[in-house]
Amino acid sequence: MKRSFVSTTVALCVAAATTFLCGTVAHAATPAVTSCSSISVDKTVTKGISLPCLDSKSNVVFQAIRGPVVVNVFGSWCEPCQEEIPHFLDLAKTHKVAIVGVDVEEASIGVGRAFVAKKGMGWPILFDVNSVTRGLFGMGVPVTWFIDAHGKVTYKQIGIIHSDAALNAEVTKYLGIKF
């Protein structure tokens, strides 16, 4: 998965005796939010909850998502959500299963974007505008959904995932992907 980086060039001059040596150095800016174009969906499913991507370039009907995929519902303000992010980062590094995030109950889309970039969450993130998913996901986060290739929710983990081993075991048990 590629991340987009915006480079800025900064002039760098070093004084060496009476001669100035000038050059440039590139600094990587905050990574851009990942596009949602990689989310596998059944395009025949058009009814359901349509959520904008955190990159503001597309919308995805949640009920159209097809897996195998792990869907993590979180909020930047949620401490247990923050505690489990390293496990999702490690899962993403395996490239064994797709991950989709759903950012809920944020003060603004900008807060969500800044949080995702800061944490290095390099998978597609949907943004729940005005808590429209509350009826689907319920109240409270974190919640992690395991969705198979047919769009069936095979398991819903309510509450924090405490370890890489626990997350990997659930991916194996509910999606059939071995580690």
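The values are calculated or read from the model by the stated rules, or taken from the named source; none is laboratory data. Computed from a predicted structure; not experimentally measured. Please note: Cβ atoms are built from the backbone with ideal geometry, for glycine as well, and neighbour counts cover all protein chains shown.
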Candidates Val70, Val116, Val60, filtered to the one that is touching a Leu at 6+ places or on another chain (Cβ under 9 Å), touching a residue at least 60 places away in the same chain (Cβ under 8 Å), farther than 25 Å from Ala149 by Cβ and buried (at least 16 other Cβ atoms within 10 Å of the Cβ): Val116
Restricting to region 144-159, name every residue that is over 17 Å from Thr133 (Cβ atoms) and free of Cβ contacts under 8 Å to residues at least 40 places away in the same chain. Lys152, Thr154, Tyr155
For Gly122, are the conditions met, namely being within 17 Å of Cys36 (Cα to Cα), outside any loop (DSSP other than H, G, I, E, B) and either touching an Asp or Glu at 6+ places or on another chain (Cβ under 9 Å) or modelled with pLDDT of 95 or more (or both)? no
Could you tell me which residue of region 96-108 is surrounded by the fewest Cβ atoms within 10 Å (Cβ to Cβ), considering only residues that are closer than 22 Å to Gln63 by Cα and of a type in the set (A, V, I, L, M, F, W, C)? Val97
Looking only at region 58-100, filter to residues that are of a type in the set (Lys, Arg) and more than 15 Å from the chain's Cα centre (by Cα); which one of those is farthest from Asp164 (Cα to Cα)? Arg66
For region 125-137, does any single residue satisfy the condition of being more than 21 Å from Val60 (Cβ to Cβ), touching a residue at least 12 places away in the same chain (Cβ under 8 Å), surrounded by 13 or more Cβ atoms within 10 Å (Cβ to Cβ) and within 12 Å of the chain's Cα centre (by Cα)? no
